[in-house]
1. Can you give me the C-alpha center-to-center distance between segment A:37-52 and segment A:65-96, rounded to a whole angstrom?
2. Can you list which of the DSSP-assigned H helices in chain A have a Cα extent of 20 Å or more along the long axis and an average Kyte-Doolittle score of at least -1.0?
3. Given R₀ = 30 Å, what would the calculated FRET efficiency be for residue A:441 paired with residue A:210, taking r from the Cβ atoms and rounding to 0.05?
4. May I ask you to give the solvent-accessible area per residue for segment A:28-164, in square angstrom, as obtained with a 1.4 angstrom probe?
5. What is the distance in Å between the Cα centroid of segment A:378-426 and that of segment A:1-30?
6. Report relative contact order for segment A:507-600 in percent, whole number only (criteria: Cα-Cα under 8 Å, sequence separation at least 6).
7. According to the square roots a ≥ b ≥ c of the eigenvalues of the Cα gyration tensor, what is the shape class of segment A:603-645, taking rounded for a/c under 1.5, prolate for a/b larger than b/c otherwise, and oblate for the remainder?
8. Sum -39500 (n - 2.57) across every DSSP H segment of at least 4 residues in chain A, then divide by the residue count to get the 222 nm mean residue ellipticity, nearest 500.
Amino acid sequence: MGFVEQAVAAEMAQWAGFGQAGIDAKKIVENLSAPPKVEMGDLAFGTFRLAKELGAKPPELAAKFAATGKPGKLLSEVKAAGPYINLKLSRAEVTKLVLEEVERTSAGAQPKDWRYGASESGRGKTLVIDLSSPNIAKPLAVHHLRSTMIGYSIKKIRESQGWRVVGVNHLGDWGTGFGKLIAGLKKYFPDVEKRANAGDPRPLGDMSVQTLNETYARFNNESKGDDELVEAGKNEFALLEQYIEVLIGGTQAATGKAGEANFRIWQHARDISLSEFERMYAHLGLSFHLWPVVDLQLGRVLTSEPEAFYREHCLYIGESYYVAAEDLCRRIIADATANRVAEESEKAIVIYTHGKDRPPLMLVKNDGATSYHVRDLAAALYRHRHWQADELTYVVGGEQKWHFEQLFKALELMGHGFSKNCSHTEFGLMLFQQADGKWQKTSTRRGTAIMLEDLLDEAIKSVREIMVQKNPELANSPEGEKTAHAVGVGAVVFNDLKNGRRNNVKFDWDAVLDFEGESGPYMLYQYVRMGSVTEKFREVHGEPDFDNGDAGLLALDEEWRIVKLIAEFPEAVAKASAEFEPSIVARKLVEIASAASSWWTATKDTRIVGDNRELSLARVRLVNAIRRTLGRGLLLLGMQPVERM
RNA sequence: GUCCCGGUAGCUCAGUAGGAUAGAGCGGCGGUUUCCUAAACCGCAGGUCAGAGGUUCGAAUCCUCUCCGGGACGCCA
């Protein structure tokens with residue numbers, strides 16, 4: 001419960017009825033809720049649970065307690081209503097309490113300085129969050145937005161609760177697929193092999209990610225039913241994986257130059273992919289660094305302020321890291337086999353996590369290559385050890401739920417108790433309408449996906465068109481392009497985060513580009529309005545001195561509604577943090593923005609800023625709290641507030 | 001076939017540690033702008049909370065079954 005409820009409960013704990021029954025403030029808070037209709041009151045105390053404990057009838061209990069209740073500083077009216085005690089609050093006192101709380105936590109002029117809704121509940125604890133995790137050699141498509149933004153928002157939200165959060169981009173940069181890619185490159189682009197053999201560190205030249213993806217797709221298609229090509233792909237990956245033995249301290253294996261050449265091709269494909277990913281992440285306002293973080297001039301970048309570093313940046317740790325730079329995979333396979341957790345089956349090494357009648361988790365495939373399961377196990381151990389992670393979560397689509405159940409079970413079987421602190425933050429699929437009208441998931445490899453960059457470009461373009469109409473001055477100013485970018489990207493991000501993450505998303509251009517109602521632009525618009533009306537106050541009455549703003553002058557129902565919603569914000573953030581659910585924050589912001597917008601219209605006659613300085617000051621003080629709450633919330637969702645639009 | 005996730009207004013969704021008369025946005029209809037941004041606001045219409053049982057003083061919320069949609073089911077990750 002929020003700070004207002006706690007203050008009210010402390011007052012109620014003084015009632016004789018509660019004192020006699022031994023009911024303290026904590027217990028009172030647990031039974032407070034909002035009545036269904038505002039006319040009934042601001043809070044309701046339900047007696048159902050207490051009645052059961054005390055063996056009394058709820059209405060009688062409510063009447064008994066209410067009889068000893070009396071108005072106090074925060075409570076203005078107490079009334080028994082059946083099994084409930086309906087409570088009305090002193091608007092002036094509670095408004096003052098809420099405004100002071102926002103002001104206390106949100107000093108400073110910039111949204112990044114605002115901390116309203118923060119808590120220390122996670123102090124000293126570390127969460128490692130697996131987010132985004134695209135595959136290299138494939139462009140980022142719209143469905144990658146989900147893991148990226150849900151994950152990033154969760155990171156921000158957890159940090160607001162005092163957690164140290166390490167964001168890890170678990171790049172899909174290893175696996176038999178890359179054998180196919182290399183085989184395809186060698187087959188269709190003979191120069192690539194030549195350059196790689198000659199030791200050129202950029203054997204792919206200026207090849208784009210799109211070309212890499214097409215090459216893979218072409219080879220994959222052609223190899224269907226062609227055993228020779230399938231074998232070629234497997235061989236190329238085997239050479240790559242064997243070459244790794246050299247890197248982690250073994251001797252030059254039989255792979256010779258071919259392994260080294262494959263490694264070069266792979267590494268260049270990875271570099272090409274990362275630079276494209278970087279461009280997209282920059283659009284979204286995220287920053288990633290390759291792990292381990294090394295700066296050629298300064299040595300390790302992380303040296304002085306690792307905490308600040310983890311707050312500002314996320315890390316790329318590709319799957320290859322656990323194969324090529326650490327020998328965790330090898331050790332896991334050896335340990336699991338030695339401890340008889342793993343066994344051989346159909347020439348593969350597997351763990352039967354859920355009994356023999358369910359598919360096992362696979363460590364090594366029948367061709368001797370590691371599977372992604374073993375790399376995920378290695379990653380989990382690494383994260384737990386390296387960052388002393390208290391919790392570990394994977395922001396990955398719900399279709400992989402079974403994989404994570406197996407993964408966590410395997411960790412448990414291998415004796416790693418922290419498996420109980422691992423979770424799968426699953427989210428719904430992005431579905432696309434097919435020619436036959438059915439909604440289905442898409443595949444980058446089939447080339448049916450919509451590119452993330454195209455979506456962002458389209459959104460920015462639409463914003464620009466609207467801005468030319470609504471605010472031509474801004475549209476033509478240097479700030480215009482930056483604003484269009486922030487609003488366009490914000491529209492896409494908010495659209496993705498506003499609903500519960502488990503819902504499937506039916507991708508619909510019209511819906512994403514609809515900037516009215518519960519949309520990103522709407523949220524930003526209300527934020528902008530709060531800024532411009534504050535500016536108006538400065539023009540008319542000078543710099544606002546909020547300390548002198550009299551909360552008692554805020555007599556409108558709309559104002560009271562806003563105050564109550566703002567008071568609920570910290571709880572919403574705490575709940576979003578506990579449930580890994582950014583939409584809880586998004587929903588609360590919608591309510592606040594919408595209430596603020598109604599208020600804006602309701603004050604059309606008197607104006608928020610009018611001739612009466614006293615009233616204007618009180619209102620602008622509320623405006624300030626709205627603006628800080630909205631700004632803070634948008635930042636938690638990974639959006640960038642703008643000052644004009 | 002087995003196992004997951006979901007089904008709430010025409011559409012997209014909130015609401016689930018059980019609690020008072022189930023709420024938004026979009027779409028539809030009707031209104032609001034000499035004044036702080038109308039990307040806005042106000043009003044009206046629209047519901048067997050998929051269906052059937054059960055638990056309970058009380059169920060959209062918990063349990064069972066059925067139906068519908070999506071997903072996963074050893075060598076892609």
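The values are calculated or read from the model by the stated rules, or taken from the named source; none is laboratory data. All values reported here derive from a predicted model rather than from experimental measurement. Please note: Cβ atoms are built from the backbone with ideal geometry, for glycine as well, and neighbour counts cover all protein chains shown. Quick note on the areas: whole protein, heavy atoms, side chains included, nothing else; ligands and nucleic acids left out. Shrake-Rupley method; radii C 1.70, N 1.55, O 1.52, S 1.80 Å.
1. Answer, in whole Å: 11.
2. For chain A, where a helix must reach 20 Å along its axis and average at least -1.0, the hits are A:91-105, A:144-160, A:227-247, A:256-284, A:372-387, A:452-470, A:478-497, A:520-541, A:557-579, A:583-602, A:613-636.
3. 0.90
4. So segment A:28-164 comes to 42 Å² accessible per residue, rounded to a whole number.
5. Taking the Cα centre of segment A:1-30 as reference, the centre of segment A:378-426 is 40 Å away.
6. Reported as a whole number, the value is 30 percent.
7. prolate
8. Using -39500 (n - 2.57) per qualifying helix, the result is -17000 deg cm²/dmol.
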